[in-house]
Amino acid sequence: MREIRAHILDSVSSSTGPDVALDRVLRLLGTPEGLADRYTTERLLTRASHSFSPWLLLRTSWRWAKLGVKGTITFLVAFFGYTMAPTLTVWVFLKPFMPSKIGLWIGSEGLNLGVEHPDRIHELLGHWFVPVIAVSAFAFAVGTTQALRWLIRRGSSTAAYPMPTHDSRRAQI
Amino acid sequence: MAILASLWQSRLYGLEILRSLAEKSQLEVAEGTLYPILSRLKAEGLLQSEWVEAEAGHPRKYYWLTTPGRRPAREMAESWHTFSASLADLVQPLLGGKQLGGKQR
């Protein structure tokens, strides 16, 4: 707050038209809600780049996705990885209850993970299904977390925000 | 990277950083963007700051690069330089023999 106030005072005091300069600087700062949102996003990016919390990483990548391509790609990585991990975990827990019906199948559709189907001819893993899929779920969870931390650390150093107004010309202060 | 570069040689406050970027690079950084980024760079240890009582009558927050902050700033600059050089090679045929900066071959 103190810094924003100092910025406004500097901008106005260095201009020949204080009223015009005040309007301009307030417009370029954006709304208070928008400014607070940007501070919050930056704080989340800092926390997330050092965090192992999937919820924080997912939440941060969602906020970042609203700002541009890098954030969108990061969110897609998060969404895919954090969807695969619990999905695979569900299959691991279901396998003991339906051992002949759940597996990694190969058939006319190619490779498929899930429930038995007429097009799925041969189950590949057998008794190895639970350990292989459990390790895969763990790998997805850990790999996604590490990838997100790397993407946020690397990408957020050049994060940019949309201008709060359409005025991209240098001001005539 | 642009903000870190503007602080490479001197301590500046927010408005000075914006003016430096505009004058030296024609880069217009949104004022509402600058301060959240400065806050994050400081939280990550790349920058340090202090409030200084100014002649203007109100205190100003000056920023400068920390020693640990210089290495990533240099790395970003080197990456950018490599990227822009390769892009310059790519667009050279479109310029019809004119080098970037307006000089004719």
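Observations, loosely collected:
- The set of residues from the range A:2-38 being more than 14 Å from B:L18 (Cβ to Cβ) and acidic (D, E) comprises A:D19, A:D23, A:E33, A:D37.
- Checklist (1) within 30 Å of B:E16 (Cα to Cα); (2) touching a helix residue (DSSP H, G or I) at 6+ places or on another chain (Cβ under 7 Å); (3) more than 12 Å from every other protein chain (Cβ to nearest Cβ) applied to A:G17, failing item: (2)
- Selection status of A:L104, modelled with pLDDT of 85 or more and farther than 29 Å from A:T74 by Cβ: yes
- Near pairs, Cβ below 7 angstrom, 6+ apart or cross-chain, from the range B:69-80 (closer than 17 Å to B:L38 by Cα) to any residue that is surrounded by 15 or more Cβ atoms within 10 Å (Cβ to Cβ) and among the hydroxyl-bearing types (S, T, Y): B:M76/A:S157
- Subset of the range A:68-94 [in contact (Cβ under 8 Å) with a residue 12 or more places away in the chain and of a type in the set (A, V, I, L, M)]: A:I73, A:V77, A:A78, A:M84, A:A85, A:L88, A:V92
- Index of the failed condition, A:F52 passing every other in (1) hydrophobic (A, V, I, L, M, F, W, C); (2) part of a loop (DSSP other than H, G, I, E, B); (3) farther than 30 Å from A:Q146 by Cα: (3)
- Positions within the range A:22-52 being buried (at least 17 other Cβ atoms within 10 Å of the Cβ), polar (S, T, N, Q) and more than 7 Å from every other protein chain (Cβ to nearest Cβ), in sequence order: A:T41, A:S49, A:S51
- Search result, residues across the range A:118-131 that are at pLDDT 75 or above and surrounded by 15 or more Cβ atoms within 10 Å (Cβ to Cβ): A:E123, A:L125, A:F129, A:V130
- Checked against the criterion of being surrounded by fewer than 17 Cβ atoms within 10 Å (Cβ to Cβ), assigned to a loop (DSSP other than H, G, I, E, B) and of a type in the set (A, V, I, L, M), the range A:83-98 has at least one qualifying residue.
- Selection within the range A:111-144 - in a helix (DSSP H, G or I) and touching a Phe, Trp or Tyr at 6+ places or on another chain (Cβ under 7 Å): A:I133, A:T144
- Every residue from the range B:15-67 that is more than 9 Å from chain A (Cβ to nearest Cβ) and β-branched (V, I, T): B:I17, B:V52, B:T66, B:T67
- Any hit, the range A:55-65, residues being surrounded by 15 or more Cβ atoms within 10 Å (Cβ to Cβ), modelled with pLDDT of 85 or more and within 11 Å of another protein chain (Cβ to nearest Cβ): no
- Those helices (runs of 4 or more DSSP H) of the range B:1-97 in which 1 or more residues are over 25 Å from A:L67 (Cα atoms) and out of contact with any Ser or Thr (no Cβ under 8 Å at 6 or more places or on another chain) occupy B:14-25, B:67-91.
The values are calculated or read from the model by the stated rules, or taken from the named source; none is laboratory data. None of the values given here were measured: they were computed from a predicted structure. Backbone-built Cβ (ideal geometry, glycine too); neighbour counts: all protein chains shown.
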